[in-house]
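The values are calculated or read from the model by the stated rules, or taken from the named source; none is laboratory data. In this text, all values refer to a predicted model and were calculated from it rather than measured experimentally. Heads up, the Cβs are rebuilt from the backbone with ideal geometry, glycines too, and the neighbour counts pull from every protein chain shown.
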Amino acid sequence: MPGATWPLQAAELPDDAVEVGRVQDAWGIKGWFKVQPYSASPEALFSSKRWFLLPPARGARHFDGPQRLLVRQVKAHGDAVVASAQGVDDRDAADLLKGARIFIARSSFPTPAEGEYYWVDLIGLAVFNREGVPLGQVRELLPAGPQTTLALAFEGADGKPQERLIPFVSAYVDEVDLAAGRITVDWQPDY
């Protein structure tokens, strides 16, 4: 692209990197770009001034391998986020970032309030009911209106993979113990 300078620096992806969004497109003429966060609460994008980018999974690729982007400013903009970064000074430079996947070191996330958790911290935890019966492992979390639902993977009696859904609300979730890698719930295997 004429006049565009390369705003990224080759870097190693941190061991605790978490994918938090992707660059959608250039935004305006002064180098800002629009980001689609993967979370409804994208605090990590606002708290970290060092983002790591990987090229898009498909489509045009303007770089290979992990790259570091030093963020100057981030703002909420409707259901997305807009950001500016060092070296991204015009629309042409912002266009070079289109489609890039954004990663942030988990250690850079802000500390959640008591009783709040990042989804990435819950994925992979073992879930047991009050009686100690294993119910499965958190495969993903599903936004379901005003609440979130735990999607658990477990092996059925027939040996085939199964899925169990449990609302992630205090009525059913007794304890989340991140250190032990365990969630205790008021739920029965036959629900």
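Within the bounds of the range 59-69, is there any residue that is acidic (Asp, Glu), in contact (Cβ under 8 Å) with a residue 40 or more places away in the chain and surrounded by fewer than 14 Cβ atoms within 10 Å (Cβ to Cβ)?
We begin by selecting, within the range 59-69, every residue acidic (Asp, Glu); these are 64.
This time we only want the ones that are in contact (Cβ under 8 Å) with a residue 40 or more places away in the chain, so: none.
No, the range 59-69 contains no residue that is acidic (Asp, Glu), in contact (Cβ under 8 Å) with a residue 40 or more places away in the chain and surrounded by fewer than 14 Cβ atoms within 10 Å (Cβ to Cβ).
Answer with yes or no whether Arg68 is more than 17 Å from the chain's Cα centre (by Cα), of a type in the set (Lys, Arg) and not in a loop (DSSP other than H, G, I, E, B). Walk me through it before giving the result.
On the way: more than 17 Å from the chain's Cα centre (by Cα): yes; of a type in the set (Lys, Arg): yes; not in a loop (DSSP other than H, G, I, E, B): yes.
For Arg68, the condition - more than 17 Å from the chain's Cα centre (by Cα), of a type in the set (Lys, Arg) and not in a loop (DSSP other than H, G, I, E, B) - is met.
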Completion exercise
Among (1) small (Gly, Ala, Ser); (2) assigned to a strand (DSSP E or B); (3) touching a residue at least 40 places away in the same chain (Cβ under 8 Å), Gly136 falls short only on (3)
Exercise for the section: Please state which of the following conditions Gly115 fails to meet, knowing it meets all the rest: (1) more than 24 Å from Ala17 (Cα to Cα); (2) exposed (fewer than 15 other Cβ atoms within 10 Å of the Cβ); (3) not aliphatic (A, V, I, L, M). Expected result: (1)
Exercise for the section: Tell me, please, whether a residue that is in contact with a helix residue (DSSP H, G or I) (Cβ under 8 Å, 6 or more places away or on another chain), in a strand (DSSP E or B) and not assigned by TED's automatic domain parsing to the domain that holds Asp15 can be found in the range 157-179. Expected result: yes
Problem - Lone qualifier among Val133, Val127, Val120, Val138 - being aliphatic (A, V, I, L, M) and exposed (fewer than 14 other Cβ atoms within 10 Å of the Cβ) - result: Val133
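Taking the condition of being among the acidic types (Asp, Glu) and either at pLDDT below 95 or within 26 Å of Asp16 (Cβ to Cβ) (or both), how many residues in the range 123-154 meet it? Please lay out each step first, then the result.
Residues of the range 123-154 that are among the acidic types (Asp, Glu), as a first pass: 131, 140.
Among the residues that remain, those that are also either at pLDDT below 95 or within 26 Å of Asp16 (Cβ to Cβ) (or both) are: 140.
The total comes to 1.
This table checks each residue for (1) in a strand (DSSP E or B); (2) within 27 Å of Glu116 (Cα to Cα).
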| position | (1), (2) |
| --- | --- |
| Pro14 | no, yes |
| Glu19 | yes, yes |
| Asp25 | yes, no |
| Gly31 | no, no |
| Ser41 | no, yes |
| Ala44 | no, yes |
| Arg72 | yes, no |
| Asp92 | no, no |
Completion exercise
Taking the range 46-55 and keeping only residues that are buried (at least 17 other Cβ atoms within 10 Å of the Cβ) and either touching a Gly at 6+ places or on another chain (Cβ under 6 Å) or in a loop (DSSP other than H, G, I, E, B) (or both), one is left with Ser48, Pro55
